[in-house]
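Worksheet: one structure, shown below.
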Amino acid sequence: MFQATRRRLAFWYTAVTAVLLLLFATGVYMYVRSTLIERVDDTLNHVVEVVQRSLVIESVAPDKLSVNVEASFPNNADTVEDDHIDLEWFSPNGELRWSTLSEPLDIPIHLNRTGETVKVVRGSGEQGETLNSKLKTQNSEQTGETPVLRTQYSPLLLRQVTERVEIGRQVLGYLRVSHPWFEVAKPTRLLMVDLIFGTVLMLISVAASGWWLSGLAMEPVRESYQRLKQFTADASHELRNPIAMIQTNVQVALADPDLVEAQGEAPLHYRQQLKVVERLTRRLGRLVDDLLFLARQDSGMVQRNWVSVPLDALLMEVIEEQQLVASEKGIKLSLDLALGNGDWGLGESAQSAIPNNPKSGDVLERINFPKNPFKIQNPTLDVEGDWDQLARLFTNLVSNAVQYTPAGGQVDVELQYIEKGDGERISTRRYGIPQLQVTVSDTGTGIPESALPHIFDRFYRVDPARTHSSGNSTTTGSGLGLAIAQAIVENHHGYIQVASILHQGTTVTVTLPAPREE
């Protein structure tokens, strides 16, 4: 329990930190990327201004001006080569007149002073030169850097700024300045790798520290819980002997001949009071036993005394024990051994549990046997477990059903053998082996839907009406019966399910794994 809580705390601590780190890394990445793009755009705009100031404009007619391309661009081309910048000059009608690129870009003109990113896919030329390779090769020879050569049909990303050059209302042409995108892509790619690596390292350290911190946070809770368990176990153990002594003395007093034979109202009143004391001490003894069992179960001190338990025989004993209470309340209590379509038979223990000379109202008449019940012994009706714990489990379930079923109602107990592939007969499959399923259904008061998630909590009671006995029954609930049932089922590697409809009845299903066939 504490380990699961510790894992959840560490997980949520790590998850929240991971989200914060992811947001931080994303913010850093977007900021650096936008800063690099802004710097490239500023460089391109600066080049546009420099080139515009150096243009040689000639008058070709009284009202017509023209740009002398040969005189305007050679010097500029030498200047921008060092900055990995390409220039393109277009005539007023959009025709390419001059370019520093070895191959022209087949990209239409888009007037955009703020900059735009374009993707170009071009093949290699006759000399094996790709787009912009001439510029990069010259630069690598001067700087000693490794030349960047693109493979055939590789995409090329460019950042471009296009400016319209005009005097008055006369458009002289269009200047387009391009810059390779790698000056943005390369730093951002390296930054992304660093951020991912740093985030992973941070998450690992946060997970480790979260596990350590959650352990520190859970330690006081663990110690408090251990002290509470120890106190419950010690108190339950110390209370057993006084309660047993009180109950014994009360029984001795009730059996006293002087009190039994005495006449008058006072002796009768004394006997009634002693019976009340006996009933209360018996109830208190059961409560102490339940607390002691749960305390031992929590601390793992329950002795594992597992044997092969025939469920059919065990259920017959439980039904026989509860039949008297059911008869007093006018409740029909039945056991149905629905063992499947094959020739299943009862085990020897089950056969020995059936009386040789059954009388009217005996348990034999209230059991629905399958066909040929004594044909063969069916070993698959046995489960590996503790007989006393399983008897306590089904006694709790059947007694609860009888207690909360009104007079004239019905309580049905059914034992089913679930084949390995019979998935339709069970709602939840947790095993890949055959199972034995015991269903206890009644036509009692039912449980509200809002209370179903809490019925296995210790000392939980649906409402005050369910905490007292009804009819002639002298049993009362302490709120521990289903908690004990769940602990026993989980101890036997099974699971328990409860379905209920208010004012119609409740069905409790216990599923236990059958022994593996040799």
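Couple of notes before you dig in:
- Taking amide H atoms as placed 1.01 Å from N in the peptide plane, the amide H of Leu172 lies under 5 Å from those of Val165, Glu166, Ile167, each 5 or more residues away in sequence or on another chain.
- Per-residue Karplus couplings for segment 19-26, computed as 6.51 cos²θ - 1.76 cosθ + 1.60 with θ equal to phi - 60°, are listed in order as 5, 5, 5, 5, 5, 5, 5, 5 Hz, Gly and Pro entered as x.
- Fewest-first ranking of Val250, Val510, using other Cβ atoms within 10 Å as the exposure measure: Val250, Val510
- Exposure proxy ranking for His84, His503, based on other Cβ atoms within 10 angstrom of each Cβ and starting from the fewest, stands as His503, His84.
- In order through segment 221-228: 3J(HN,Hα) via Karplus (6.51 cos²θ - 1.76 cosθ + 1.60), integer Hz, x for Gly, Pro: 5, 4, 5, 5, 5, 5, 5, 5
- Long-range HN-HN contacts of Tyr495 with modeled amide H, under 5 Å: Thr511
- From the alpha carbon centroid of segment 158-217 to that of segment 254-298 is 82 Å.
- Residues Trp387, Trp89, ranked from the fewest to the most other C-beta atoms within 10 Å, line up as Trp387, Trp89.
- Per-residue 3J(HN,Hα) values for segment 503-508, derived from phi via the Karplus relation 6.51 cos²θ - 1.76 cosθ + 1.60 with θ = phi - 60°, read 6, 10, x, 9, 10, 10 Hz in sequence order (x marks Gly and Pro).
- Annotation: amide H-H contacts under 5 Å for Leu157 (H modelled 1.01 Å from N, sequence separation of 5 or more, or interchain): Val120, Trp181.
Throughout, read-outs are computed from the coordinates displayed, never taken from laboratory work. Being a predicted model, the structure only gives us computed values, none of them experimental. As a convention, Cβ positions derive from the backbone with ideal geometry for all residues, glycine included, and neighbour counts pool all protein chains shown.
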